[in-house]
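A short worksheet on the structure shown next.
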Amino acid sequence: MTRSRTLTTPQRIVVLGAGLGGLTAAALLARAGTDKAKLLMVQIFIKDLADFPAMNAAWEAWLPAGCAPPRATVRADMAKPDWRVEMVVTAAL
C-alpha cells in the first residue's frame with residue numbers, strides 16, 4: 001500500500017511512510033506476532049484537526065468490536081510534509 005492523503009477507509013488510516021516500505025499497522029503487528037485485537041495503547045498524531053472526524057470513523061471501523069484501547073490524539077507537525085497521520089502503537093504479544 002502506498003502513502004495516501006485521504007483518510008476515508010480503515011486501511012488508509014494506518015498507512016505508514018515509505019521508510020517502512022508502506023507497511024500497514026496490521027502488517028507490522030503481525031510481524032511482531034500480535035494483532036489489532038491486542039492493542040494496549042495508541043498515540044495518534046494528526047497533522048490537521050479538520051481530518052479528525054474522518055480519521056476517527058476509519059479508526060473505529062478498523063478496530064475489532066470491543067477492542068478499543070486507550071488512545072490519545074494530538075495535532076502535530078509531521079516529519080514529512082505529505083504525511084497526515086502518525087501512530088505509536090503498543091500491543092500485547
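What follows is calculated from the coordinates using simple rules that are stated; it is not laboratory data. Because the structure is predicted, anything quoted here is derived from the model rather than measured.
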(message) Please give the Cα centre distance for segment 24-60 versus segment 72-93, rounded to the nearest Å.
(response) 8
(message) Cut-off under 28 Å on the C-alpha distance; same-chain residues fewer than 8 positions from LYS80 excluded. Which lysines are left, in chain and number order?
(response) LYS36, LYS47
